[in-house]
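Okay, structure first, notes after.
The values are calculated or read from the model by the stated rules, or taken from the named source; none is laboratory data. It should be emphasised that the depicted structure is a prediction, and the values quoted were computed from it without experimental measurement. Note that we place each Cβ from the backbone using ideal geometry, even for glycine, and neighbour counts take in every protein chain shown. These area figures cover heavy atoms from the full protein model, side chains too; ligands, DNA and RNA do not enter into them. Shrake-Rupley method; radii C 1.70, N 1.55, O 1.52, S 1.80 Å.
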Amino acid sequence: MASPLDPIRREVAAFLAGGAYAPLRAVVVDAAASVDEDARLTEAERDWFDELYDAVYMGGEDPVSPSDARAGILGAAALRVHLRELGLDRFRAPPA
């Protein structure tokens, strides 16, 4: 059965495989309101998305300026590492 998070999971997988940051940010930000309201999602899926949203929100394209880095912004390469360290790749969808 398809999950409403499948497009997000695919974009996370693409980003972790070296894809661009902008499509990941777009799909995560666009989904924020609907994820909160979707009754089909489990608590674990919501928790995963919330943690992903927080991490992606603090991401940016490489290179990150020194002032942005001081503010806590992670460039794409550092964000990939961070997402893996947080275990946020655990809900990745299989390739389409």
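Which of the residues belonging to segment 56-89 are touching a Leu at 6+ places or on another chain (Cβ under 7 Å), buried (at least 17 other Cβ atoms within 10 Å of the Cβ) and part of a helix (DSSP H, G or I)?
Residues satisfying the conditions are Val56, Arg80, Leu83.
Any residue in segment 15-34 that is of a type outside the set (A, V, I, L, M, F, W, C), assigned to a helix (DSSP H, G or I) and more than 25 Å from Ala69 (Cα to Cα)?
Checking segment 15-34: at least one residue is of a type outside the set (A, V, I, L, M, F, W, C), assigned to a helix (DSSP H, G or I) and more than 25 Å from Ala69 (Cα to Cα).
Out of (1) among the aliphatic types (A, V, I, L, M); (2) touching a helix residue (DSSP H, G or I) at 6+ places or on another chain (Cβ under 7 Å); (3) surrounded by fewer than 18 Cβ atoms within 10 Å (Cβ to Cβ); (4) in contact (Cβ under 8 Å) with a residue 40 or more places away in the chain, the odd one out for Ile8 is which?
Failed condition: (3).
Regarding segment 27-37, can at least one residue be identified that is farther than 13 Å from Leu5 by Cβ, of a type in the set (Gly, Ala, Ser) and touching a residue at least 24 places away in the same chain (Cβ under 8 Å)?
no
Tally the residues that are more than 14 Å from Leu24 (Cβ to Cβ) and among the acidic types (Asp, Glu), restricting the search to segment 62-85.
Residues in segment 62-85 being more than 14 Å from Leu24 (Cβ to Cβ) and among the acidic types (Asp, Glu): 2 in total.
Which one is surrounded by the fewest Cβ atoms within 10 Å (Cβ to Cβ) among residues in segment 11-37 that are acidic (Asp, Glu) and under 22 Å from Gly87 (Cβ atoms)?
The qualifying residue surrounded by the fewest Cβ atoms within 10 Å (Cβ to Cβ) is Asp36.
Quick one: Leu41 ticks every box in (1) in a loop (DSSP other than H, G, I, E, B); (2) under 15 Å from Arg9 (Cβ atoms); (3) open to solvent by 70 Å² or more (accessible area, probe 1.4 Å) except a single one, so which number is it?
(3)
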